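S.K.: Would you mind keeping the following structure in view while I ask a few things?
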Amino acid sequence: MNILVIEDNIKISDNISYILKNENYNYEISANGNEGYDKAISNEYDLIILDLMLPGMDGFEILESLRANQINTPVLVLSAKNQVEDKVKALNLGSDDYITKPFAAPELLARIKTILRRKYDISSNIIKMSELTIDTNKKEAFVSNEKLDLTQKEYDLLEFMAYNKNKVVSKIAIGQYIWGESLDLFTMSNFIDVHISNLRKKIGTISNKKFIQTKRGLGFILSEDEE
Amino acid sequence: MKIRTKLTLFFTAIFFVLILSLSLWYQYRLFYVLRSEALKNIEMFLKGFMDFGHGGFRKVKNLDEFIIRYKERINRDNFSKMLSRRTWNILYDKDFNIIGQTPLAAEFPLQNIKSYLTQKYFTAKFKSNSEYFKSEKETLFSDYKINLEYEFYTDKDNYTFYCIGKISEINIGNEKAYLAVLFPDNKNRLYLDKTLINVIFTLLFSMCIIIIFGLFYSKYSLSPINKIISELNNISEENLSKRIKTYKNNKDEITEITLSINNLLERIEKAFVMEKQFISDVSHEFKTPIAILQLNIDNISNNPHLSDDEIDKITSSLEILYSLDFLIQKLLYLSKLESNLCKFNPETISVNELLTAIKNNLESIAEVKDIKFVLNLKDDILKINGDKDLLYIALSNIAENALKYTDNGSVIIEAEKVDNKISVIIEDTGSGIPKNKIDRIFDKFYRIDTSRHDGKSFGIGLTISKRILDIHNAVINIESIENVRTKFIVTFQSL
């Protein structure tokens, strides 16, 4: 997978490249709007991660020009702007997803994977971890072929952890992914505890395996092997 | 009162005074002219009467001769017929005893003749015996074509008429007599009455015309102001770049006002744009470093060789970072609210639906903390006017706080309608708020217990709630007993 990152803040692009490298994606970084646009138009990428505020052409202009030139590479927009109008504008111009800064590494990864699966990997829309199967197309989860009766939020939570399997997912990352940024820490922490415990209970009625493990106060890991 | 009405009334009043004084002057002049005409007639009559015949009365030697001649005179046929029938002619001796008189004078005697002596002329009012004129009409008046109705106008109910007359002193030798002459004055009075009525009607009519004309004219001349008002009403936060149309060829006050308003709009728009830009800049400047920190921490936390102590530190850093981000977000939100940059879309909303959504959303907190969380809706339909999203935030913040500060017991949300008000009551059995601190809990970052820094400050949530509820003209009351309970009562105007 070839990914183009157009982001002028080196510290952020460094972190993004670290995340992408760990997942074995190929990537290129561009710190300038004009340069990024030239790259996007002359090479073929599977995904473009695009910041909105850039020197040279800004994100909206790049997006508009790409789509005007029939380049339909999926675009994930990164932005510090969290106004609804900006999100709507970006999605209307043809971006595939929109993520506001600050974001957690697992969230970025989950969104990248969602886009890539949707666009290129239609056959493999199923995530499998021993007895646990998640069908990201139908938004259903199974344990030992038995369907789990999950609420929307519980499913989102499970899918999110599956995209980041074997990695620690902090409560903060879960909260930002599922509820956005509108919850205070106390409320969010309580919400997540309830959903995790419900999810565990539901999986527990079918399998004795503990898929979801708690990593001290930090967060949770979804993994197939019990420690 | 509208300027339009004021202007119209002002000009009407001016015209009223003008026309009224003109007509009064005209009426007075008319009266004066008619009166002098009548007096002239009397004078001429007297002169003719005295000079008549052989040298007239002026040549008589004594009063007796005068009386004889006088009686001859008024009884003489052609004189009697010509004049005696329509004039009063009375001769008095020095003690005002009547010596001789014409038939009319006999029919309608003069009273208080002495009092008229000092006056240049006098008017007398007579009550007519209708029968007299009726009978005379056939015989006497018809010969000389005297129009009775006109000359001796008798109004049909009162049978009154007026005369104007003069009494003159006659001196013959050492003797004295008085001669009174009266002419009927009804014609002139009638004429004056008619003109007065005409004047009043003209006055009323012209007032109506002026009012109507004035209303139209003031509407016409004020119409640019109304245009400005309606154009201004169409300018809202969304289209601040709009300006009021000016007409360059017109250099009146309206154009000046328009230009001043446009200047003001220009400055307001600039301030608005700057405020918006500032919030957006601040947002960006804060969020980028937070984003970097969070990514750094996330990437460190996947290192499998971390010690427990390091994990604790990472966790707490992440939490602090999240709280910081949350706080900045809320601060920016509050600053948007305070500078009215937040979109406010009022609509009819159901309080029950709103509270149910809040309850469902916060339920899991109560579950984790193992406290009772009850929603008690007392009326089926509770409708208020407000912005759904903003009110959700406002009430949810209060409920969230109640849950946060309650460790055992219950949080109860109630809604009821009393008279025209809808009250939302959020009651908890938490730690309570000391009386002297109730007023301050809406202040930014206010803590009840300054020694406690466990992250449980009211932060900014209640400040936001207060601001939103203020926008909705809702009233917040707090009743609290320390360590027993706290009650938030939010009162809205019902629809």
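The values are calculated or read from the model by the stated rules, or taken from the named source; none is laboratory data. Fair warning: this is a prediction, and the values are worked out from it, not measured in the lab. Positions of Cβ are backbone-derived with ideal geometry, glycine not excepted, and every protein chain shown enters the neighbour counts. What goes into the accessible areas is simple: the full protein's heavy atoms, side chains included, and nothing from ligands, DNA or RNA. Shrake-Rupley method; radii C 1.70, N 1.55, O 1.52, S 1.80 Å.
S.K.: State whether the residues of the range B:163-183 include one that is within 30 Å of B:Leu20 (Cα to Cα), at pLDDT below 80 and not in a strand (DSSP E or B). Steps first, please.
M.R.: Filtering the range B:163-183 down to residues within 30 Å of B:Leu20 (Cα to Cα) leaves B:163-164.
Okay, now just the ones that are also at pLDDT below 80, so none.
The answer is no; no qualifying residue exists.
S.K.: If I filter the range B:264-278 for residues that are over 30 Å from B:Leu22 (Cβ atoms), free of Cβ contacts under 8 Å to residues at least 40 places away in the same chain and in contact with a Ser or Thr (Cβ under 8 Å, 6 or more places away or on another chain), do I get at least one hit? If you could, list the steps in order and put the result at the bottom.
M.R.: Residues of the range B:264-278 over 30 Å from B:Leu22 (Cβ atoms): B:264-278.
Okay, now just the ones that are also free of Cβ contacts under 8 Å to residues at least 40 places away in the same chain, so B:264-271, B:273-274, B:277-278.
Add one more test, that the residue is in contact with a Ser or Thr (Cβ under 8 Å, 6 or more places away or on another chain), and what stays is B:269.
Checking the range B:264-278: at least one residue is over 30 Å from B:Leu22 (Cβ atoms), free of Cβ contacts under 8 Å to residues at least 40 places away in the same chain and in contact with a Ser or Thr (Cβ under 8 Å, 6 or more places away or on another chain).
S.K.: Then there's this: Got a number for residues in the range B:340-359 being open to solvent by 70 Å² or more (accessible area, probe 1.4 Å) and modelled with pLDDT of 90 or more?
M.R.: 3
S.K.: Suppose we keep only residues that are facing chain A (nearest Cβ under 7 Å) and among the hydroxyl-bearing types (Ser, Thr, Tyr) within the range B:286-319. Which one would you say is nearest to the chain's Cα centre (by Cα)? Give the steps one after another, and end with the answer.
M.R.: Narrowing the range B:286-319 to residues facing chain A (nearest Cβ under 7 Å): B:287-288, B:290-292, B:294-296, B:298-299, B:301-302, B:308, B:311-312, B:314-315, B:318-319.
From what is left, the residues that are among the hydroxyl-bearing types (Ser, Thr, Tyr) are B:288, B:301, B:315.
Details: B:Thr288: 59, B:Ser301: 74, B:Thr315: 69 Å.
Once the filter is applied, the top-ranked residue is B:Thr288.
S.K.: Quick check on this structure: which one of B:Lys227, B:Lys251 is more than 8 Å from every other protein chain (Cβ to nearest Cβ), open to solvent by 30 Å² or more (accessible area, probe 1.4 Å), closer than 30 Å to B:Ile3 by Cβ and outside any helix (DSSP H, G or I)?
M.R.: Values: B:Lys227 fails: outside any helix (DSSP H, G or I).
Answer to the selection: B:Lys251.
Here is a yes/no grid of residues against (1) at pLDDT 85 or above; (2) within 8 Å of chain B (Cβ to nearest Cβ):
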{"residue": "A:Leu148", "(1), (2)": "yes, no"}
{"residue": "A:Gln152", "(1), (2)": "yes, no"}
{"residue": "A:Ser170", "(1), (2)": "yes, yes"}
{"residue": "A:Ile192", "(1), (2)": "yes, no"}
{"residue": "A:Leu222", "(1), (2)": "yes, no"}
{"residue": "A:Asp225", "(1), (2)": "no, no"}
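S.K.: Let me spell it out: the conditions are (1) at pLDDT 90 or above; (2) away from every other protein chain (no Cβ under 14 Å); (3) under 17 Å from B:Leu462 (Cα atoms), and B:Leu337 meets all of them except one. Which number is the exception?
M.R.: (1)
S.K.: Assuming A:Asp156 fulfils every condition listed in (1) more than 12 Å from every other protein chain (Cβ to nearest Cβ); (2) surrounded by fewer than 17 Cβ atoms within 10 Å (Cβ to Cβ); (3) not hydroxyl-bearing (Ser, Thr, Tyr) apart from one, which condition is it?
M.R.: The number of the failed condition is (2).
S.K.: Let me ask something else about it. Sort out which residues of the range A:94-110 are open to solvent by 10 Å² or more (accessible area, probe 1.4 Å) and of a type in the set (Phe, Trp, Tyr), and write them in order of number.
M.R.: A:Tyr98
S.K.: Keeping to the range A:6-49, report how many residues are within 14 Å of chain B (Cβ to nearest Cβ), more than 21 Å from B:Ile300 (Cα to Cα), open to solvent by less than 30 Å² (accessible area, probe 1.4 Å) and more than 15 Å from the chain's Cα centre (by Cα).
M.R.: 1
S.K.: Out of contact with any strand residue (DSSP E or B) (no Cβ under 6 Å at 6 or more places or on another chain), at negative phi and surrounded by fewer than 21 Cβ atoms within 10 Å (Cβ to Cβ), is that true of B:Ile328?
M.R.: Numbers: out of contact with any strand residue (DSSP E or B) (no Cβ under 6 Å at 6 or more places or on another chain): yes; at negative phi: yes; surrounded by fewer than 21 Cβ atoms within 10 Å (Cβ to Cβ): yes.
In short, yes.
S.K.: Separate question: Do we find a residue being at pLDDT 85 or above and either hydroxyl-bearing (Ser, Thr, Tyr) or surrounded by fewer than 20 Cβ atoms within 10 Å (Cβ to Cβ) (or both) anywhere in the range A:180-188?
M.R.: No; the residues of the range A:180-188 include none that is at pLDDT 85 or above and either hydroxyl-bearing (Ser, Thr, Tyr) or surrounded by fewer than 20 Cβ atoms within 10 Å (Cβ to Cβ) (or both).
S.K.: Starting from residues that are at pLDDT below 85 and of a type in the set (A, V, I, L, M), keep the ones in the range A:107-142 and report whichever is farthest from A:Tyr25 (Cα to Cα).
M.R.: The residue in question is A:Met129.
Table: residues versus (1) assigned to a loop (DSSP other than H, G, I, E, B); (2) at pLDDT 80 or above; (3) open to solvent by less than 60 Å² (accessible area, probe 1.4 Å).
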{"position": "B:Gly430", "(1), (2), (3)": "yes, yes, yes"}
{"position": "B:Asn436", "(1), (2), (3)": "no, yes, no"}
{"position": "B:Asp449", "(1), (2), (3)": "yes, no, no"}
{"position": "B:Lys466", "(1), (2), (3)": "no, yes, no"}
{"position": "B:Ile478", "(1), (2), (3)": "no, yes, yes"}
{"position": "B:Asn483", "(1), (2), (3)": "yes, yes, no"}
{"position": "B:Thr486", "(1), (2), (3)": "no, yes, yes"}
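S.K.: Here is a list: A:Lys138, A:Lys147. Which entry is among the basic types (Lys, Arg), under 20 Å from A:Arg118 (Cα atoms) and open to solvent by 10 Å² or more (accessible area, probe 1.4 Å)? It would help to see each step written out before you state the result.
M.R.: On the way: A:Lys147 fails: under 20 Å from A:Arg118 (Cα atoms).
Only one candidate qualifies: A:Lys138.
S.K.: If you don't mind, there's one more thing I want to ask. When the residues of the range B:362-391 are narrowed to those that are crowded, with 18+ Cβ neighbours inside 10 Å and out of contact with any Asp or Glu (no Cβ under 9 Å at 6 or more places or on another chain), which ends up farthest from B:Thr348 (Cα to Cα)?
M.R.: Ranking the qualifying residues of the range B:362-391, first place goes to B:Ala366.
S.K.: Does the range B:198-215 contain at least one residue that is more than 56 Å from the chain's Cα centre (by Cα) and open to solvent by 30 Å² or more (accessible area, probe 1.4 Å)?
M.R.: From the range B:198-215, those more than 56 Å from the chain's Cα centre (by Cα) are none; that's our starting set.
Within the range B:198-215, none of the residues are more than 56 Å from the chain's Cα centre (by Cα) and open to solvent by 30 Å² or more (accessible area, probe 1.4 Å).
S.K.: Under the condition of being closer than 17 Å to A:Lys201 by Cβ and of a type in the set (Val, Ile, Thr), which residue from the range A:129-181 is nearest to the chain's Cα centre (by Cα)?
M.R.: A:Thr151
S.K.: Let me ask something else about it. Starting from the range B:6-31, take each residue that is closer than 18 Å to B:Leu190 by Cα and list its partners that are in a helix (DSSP H, G or I), counting only C-beta distances under 7 angstrom and pairs at least six apart or across chains.
M.R.: Matching pairs, first to second residue: B:Ser23/B:Val199; B:Ser23/B:Leu203; B:Gln27/B:Thr195; B:Gln27/B:Leu196; B:Gln27/B:Val199; B:Leu30/B:Leu192; B:Leu30/B:Thr195; B:Phe31/B:Leu192.
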